[in-house]
1. Of Thr35, Thr152, how do they rank once you tally other Cβ atoms within 10 Å and put the fewest first?
2. Quick one: if you stick a label point 7 Å off each Cα along the C-beta vector at Gln55 and Ala181, how many nm between them?
3. Taking the Cα-to-Cβ direction at Ser200 and at Ser222 and moving 7 Å from each Cα, how far apart do the two end points lie in nm?
4. Please report the spacing between the Cα centers of the stretch 182-236 and the stretch 149-177 in Å, no decimals.
Amino acid sequence: MRSVFYGDSLSLVWNCRANWHPGDGRVSGFHMKATNWEFKNRALVFGLIFALAFQFYFLDHQNATAALADRLTVRLGINGDLIARVLFALAAILLITAALIRTWASAYLRAEVVYATDIKTASLVADGPYRRVRNPLYFGNLLMAIGMGAMTSGIGFLVLVLAMLAFCYRLILREEAELRAAQGERYEQYRKVVPRFWPSLRAHVPSAGGQASWASGFKAESWYWGFALALVAFAITLKVSLFFWILGASLACFWLFTLLGQKEEQSQAGGSR
């Protein structure tokens, strides 16, 4: 059995509706599936969420990490600058961890699949991190939001993390519905044993025999490593301008990869007609 999830991104709109059963009056849950527009334009939404999170400095002028460092300084009696540097370093390590997870996951996919405008349901992949969690790319995004949140205000941190989590689940629910329709019982068996979002330390399914292409994985996630580099550079130099310069270049790479992947997808679709 093989199993996989493709893509990654974010959004603020929940678009919820309850699943009402008139026979017994139960509400079985909420559907928050992402729309076609959201999935196809997830790179744009990704950038907009980050931009929105940083805008909250207009309401909350203090950096979230600096605020936490101030509190810890009072409690621990340690130099505040040292605590702030340690916290930024921890955030950078978290971002590197997220980049490793996404690279590991992308190594079992192709870059054009990761950035495809349509959900790919022809096959399932149960290798690498997909044996431990069904959505390692989305989990990596949440870790990234927490790590990058170190550079936002307190309000911006909450907005960034919650918006990331909300959009991840919207995309997951959409992909689950399409995979369930395309793969049927095979996908249901995989879904029942492998966690949706929070990884398990042990593998829940045997390897399907797929081979990782690390070159492809690093290529697909090169922009993500740029995010990690930006935070590492700031933790070392404390230069905000350097952080935003590297961050901007990384976002440009992300949107470029997405655009090239979509063009290649359209070219292949046109050639197969």
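1. Ordered by Cβ neighbours within 10 Å, fewest first: Thr35, Thr152.
2. 3.3
3. 3.6
4. 18
The numbers here are math on the coordinates, done by the rules we state, and not lab data. This is a predicted model, so every value here is computed, not measured. Cβ: placed from backbone, ideal geometry, glycine included. Neighbour counts: every protein chain shown.
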